[in-house]
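Notes follow once the structure below has been shown.
The values are calculated or read from the model by the stated rules, or taken from the named source; none is laboratory data. All values reported here derive from a predicted model rather than from experimental measurement. Cβ placement follows ideal geometry from the backbone for every residue including glycine, while neighbour counts extend to all protein chains displayed.
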Amino acid sequence: MASKVTALAWRPQTFEDVVGQEVITRTLQNAIQSDRLHHAYLFSGLRGSGKTSTARIFAKALNCEQGPTATPCLTCVPCTEIKQGNALDVVEIDAASNNSVDNVRELREWVRYASARDRFKIFIIDEVHMLSTSAFNALLKTLEEPPPNVIFIMATTELHKIPATILSRSQQFDFRQIPLFKIEDHLKKIADAEKIQIDIDALPLIAQSSGGSLRDALSIFDQVIAASNEQITRLDVQSILGVVEDATLLDLLDAIIHLAPEKMFNRVGELVHYGHDLRLVYDAFTGLIRDSLVLKTTQNASDMVMRKYGHGSQHEDLLTKITDADLIRILDLLVQNESMFRAANEPRYAFELVLLKIMELKRLVPLETLINDLKRLGSEGLTEKKNEAT
Ligand SMILES: Nc1ncnc2c1ncn2[C@@H]1O[C@H](COP(=O)(O)OP(=O)(O)OP(=O)(O)O)[C@@H](O)[C@H]1O
Ligand SMILES: [Mg+2]
Ligand SMILES: [Zn+2]
């Protein structure tokens, strides 16, 4: 099967196509409909989560011949040009590459020429955190006195590198990690459309490896397709990606709950034996504890969990055997020991050590339980004495 770049072929073209960023796309659509447009927008957040795509869709919405409209037509001249990346009035600048703005003059000149044909002149500045200081200053000047009909859409993965002066002059949108079940649904849709035969239970593994980035999910998908036969199975994906099985993670939690170090040592040994990267296992196990806490403490957990563990009820069963407080303590230990673990020469020992510490923690009965036990013992003791007396 030929490998190709699915992420490019499947770039979302309308606001509705953008997966998992509904709050943002709705807000932008509302702004257009109610004619409340800003001069500058800043799209920040996770890599491959839809920032550039949304910027282009927004540009179409603004400059579509039928517009400004929340539903660009996709067929008029401005719409098609923006899709092809050669629109007259939409300038895309990648601050990280060749066509970057290195100096003040360039940017000022670009901005000075008002829109040539279309409604707005739109500057999409990608990786805006990479702009030189002088370019930032020029940008700031233009943001302070924005020429009419000029709109800036800036995108960055590193919000903390954006000067406060720029932040305060733009409307900011934070692109979040895309929930894994939405990534799975999207992959399913693409597999169906492209007639790719992949077992449905293989998709969660791809989504898990993506860390919530849809672009990463699609490139992993390409990688899996390139390395597999006609019918792609869960086992194929597992061996290509080296993902940790749900069952193994649940077994580790089981070992902790039942204070069974032997089981824990065995599972870790197997992981090492099969060549797993223990750093990924550490992340996945931390994710399991975090998701377990979400499940135990919230009502509508399904939107908030990163991953679903196994098909059966093993996870649910385990959750009935452990308290919220215990889970918090486990998560605390995992987070606190993370840098020690990452710095260790021998990750295996460090991982085992952390798991042993967690078990030790479980052995220390929580104070509340102890007090309750004492109270109960006390009152039982009293009734016994009474009984003796009569
Ligand atoms: N929210 C999303 N909905 C649908 N597809 C998406 C989404 N996010 C990313 N993609 C896919 O990933 C590709 C790249 O997305 P995009 O360029 O919009 O990401 P980005 O957030 O700008 O990433 P970067 O931070 O690396 O610039 C798109 O062509 C599309 O296939
Ligand atoms: Mg981008
Ligand atoms: Zn149009």
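How many residues does the stretch 332-346 contain that are out of contact with any helix residue (DSSP H, G or I) (no Cβ under 6 Å at 6 or more places or on another chain) and in a helix (DSSP H, G or I)?
Just the residues of the stretch 332-346 that are out of contact with any helix residue (DSSP H, G or I) (no Cβ under 6 Å at 6 or more places or on another chain), to begin with: 332, 335-336, 338-340, 342-343, 345-346.
Those still in the list that are in a helix (DSSP H, G or I) too: 332, 335-336, 338-340, 342-343.
Selection size over the stretch 332-346: 8.
Considering only the stretch 129-153, how many residues are farther than 16 Å from Leu46 by Cβ and within 13 Å of ligand 2 (Cβ to nearest atom)?
Kept after step one, since they are farther than 16 Å from Leu46 by Cβ, are these residues of the stretch 129-153: 130-153.
Next cut, within 13 Å of ligand 2 (Cβ to nearest atom) only: 130, 153.
Looking only at that region, the number is 2.
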Counted residues in the stretch 20-67 being under 24 Å from Ser168 (Cβ atoms) and away from ligand 1 (no atom under 16 Å from the Cβ) come to 11
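To keep it simple, each residue is scored yes or no on (1) crowded, with 17+ Cβ neighbours inside 10 Å; (2) of a type in the set (Lys, Arg).
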position	(1), (2)
Arg36	no, yes
Gly45	yes, no
Lys51	yes, yes
Cys64	yes, no
Leu74	no, no
Leu88	no, no
Asp94	yes, no
- Test Val23 against the criterion of being crowded, with 18+ Cβ neighbours inside 10 Å and closer than 26 Å to Gly211 by Cα, and give yes or no. no
Given (1) in a helix (DSSP H, G or I); (2) surrounded by 18 or more Cβ atoms within 10 Å (Cβ to Cβ), Leu140 misses just (2)
Scanning the stretch 258-282 for residues that are of a type in the set (Val, Ile, Thr) and surrounded by 17 or more Cβ atoms within 10 Å (Cβ to Cβ), the one nearest to the chain's Cα centre (by Cα) turns out to be Val281
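Tell me which residues, restricted to the stretch 267-326, are in a loop (DSSP other than H, G, I, E, B) and of a type in the set (Val, Ile, Thr).
So in the stretch 267-326, the residues in a loop (DSSP other than H, G, I, E, B) come out as 274-277, 298-300, 304-313, 321-323.
Of everything in the stretch 267-326, those that are in a loop (DSSP other than H, G, I, E, B) and of a type in the set (Val, Ile, Thr) turn out to be Thr298, Val305, Ile322, Thr323.
Yes or no: Ser49 small (Gly, Ala, Ser) and within 16 Å of ligand 2 (Cβ to nearest atom)?
Details: small (Gly, Ala, Ser): yes; within 16 Å of ligand 2 (Cβ to nearest atom): yes.
Considered against the rule, which asks whether it is small (Gly, Ala, Ser) and within 16 Å of ligand 2 (Cβ to nearest atom), Ser49 comes out as yes.
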Scanning the stretch 113-127 residue by residue, those more than 16 Å from ligand 3 (Cβ to nearest atom), at pLDDT 75 or above and farther than 13 Å from Thr52 by Cα turn out to be Lys121
Pairs returned, first residue in the stretch 167-182 that is closer than 23 Å to Leu37 by Cα, second residue that is part of a strand (DSSP E or B) and away from ligand 2 (no atom under 16 Å from the Cβ), beta-carbon separation under 8 angstrom, 6 or more apart or interchain, are Arg169/Ala40; Ser170/Ala40; Gln171/Ala40
For the stretch 174-188, the count of residues that are buried (at least 20 other Cβ atoms within 10 Å of the Cβ) and within 15 Å of Gly45 (Cβ to Cβ) equals 2
